[in-house]
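Engineer: Here you go, one structure.
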Protein chains: 2
Amino acid sequence: MEISKFQKLMYELYAHNDKRRGGKATMLWLVEEVGELAEAIRREEPENIEEELADCFAWIGALANLYGIDLEEAFLKKYPGVCPTCSQKPCICTD
Amino acid sequence: MEISKFQKLMYELYAHNDKRRGGKATMLWLVEEVGELAEAIRREEPENIEEELADCFAWIGALANLYGIDLEEAFLKKYPGVCPTCSQKPCICTD
């Protein structure tokens, strides 16, 4: 699936809710799901890691839609095929 | 760009670092970027929101790679064209 199609599906499902709720409250939803992902990773539960990653991805799509951001374009601007910090592929950063 | 191609690019750039660092430390990177996104949204800075969304997306890709998860598959399993909570499209949840 194209990233743009993912964003379109998220828009069709949730844009009316995201607009009503606004950016700051929508950000809190992402934070909540990131917390659930942290718990799944701490507990090393593969099924939950998969589900919570999907939720975090979904909320990132919702925020991108809300702010009129093309996620693919934003990604390629920051990561144009090389690491934005060391400018190498593969990355040679050590952190 | 296909979601799978995004994951492949992230793998080629960062998989060696992610494996060395491990899941828990990689999760902390996502948390750090989510904090930066929260700051950008609180300050209503469109350029920063775009960049931090890209970073959060990138770290979600890194975690998916590290745990052998296909992000598109995980998303479609949780969001099969309808909201997983109300089973409707568009979603009729009120939160």
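Engineer: For B:Lys78, place a label point 7 Å out from Cα along the Cα→Cβ vector, do the same in each other copy, and report the separations in nm, one decimal, smallest first.
Structural biologist: Copy-to-copy label distances for B:Lys78: 1.8 nm.
Engineer: Under 23 Å Cα to Cα from B:Lys8, which lysines show up? Leave out anything in the same chain fewer than 8 places away.
Structural biologist: The reachable lysines, counting only those whose Cα sits under 23 Å from B:Lys8, are A:Lys5, A:Lys8, A:Lys77, A:Lys78, A:Lys89, B:Lys19, B:Lys24, B:Lys77, B:Lys78.
Engineer: Based on the alpha-carbon gyration tensor of chain A and its eigenvalue square roots a ≥ b ≥ c, which shape applies: rounded if a/c is under 1.5, prolate if not and a/b is larger than b/c, or oblate?
Structural biologist: Here chain A falls in the oblate category.
Engineer: Still on this structure: Express in Å², to the nearest 10, the accessible area of A:Arg42 obtained by rolling a 1.4 Å probe over the protein heavy atoms while all chains stay in place.
Structural biologist: Number for this one is 150 Å².
Engineer: As a test of the formula, what do you get for chain B when each DSSP H run with n ≥ 4 contributes -39,500 (n - 2.57) and the sum is divided by the residue count, at 222 nm and rounded to the nearest 500 deg cm²/dmol?
Structural biologist: -24000 deg cm²/dmol
Engineer: Still on this structure, please answer the following. In nm, what does the list of distances from B:Gly22 to its counterparts in the other copies look like, shortest first, when each label sits 7 Å along Cα to Cβ?
Structural biologist: So the distances to the same position in the other copies read 4.2 nm.
Engineer: For the stretch A:44-95, which GluC sites (Glu not before Pro) pass both filters: DSSP loop (anything but H, G, I, E, B) and at most 15 other C-beta atoms within 10 Å?
Structural biologist: Loop-located and lightly packed - A:Glu44.
Engineer: How many angstrom lie between the C-alpha centres of the stretch B:1-58 and the stretch A:2-75?
Structural biologist: What the calculation gives is 13 Å, centre to centre.
Engineer: To one decimal place, what Kirkwood hydrodynamic radius in Å is obtained for the protein assembly as shown from all pairs of distinct Cα atoms?
Structural biologist: Answer for the protein assembly as shown: a Kirkwood hydrodynamic radius of 16.5 Å.
Engineer: How many nanometers, to one decimal and shortest first, lie between the label point of B:Glu47 and those of its other copies, if labels sit 7 Å from Cα toward Cβ?
Structural biologist: Reported distances to equivalent positions: 4.7 nm.
The values are calculated or read from the model by the stated rules, or taken from the named source; none is laboratory data. On a predicted model such as this, the values are computed, not experimentally measured, just so you know. Cβ sites come from the backbone with ideal geometry, for glycine too, and all protein chains shown count toward neighbours. Areas reflect the complete protein model, heavy atoms only, side chains present, ligands, DNA and RNA absent. Shrake-Rupley method; radii C 1.70, N 1.55, O 1.52, S 1.80 Å.
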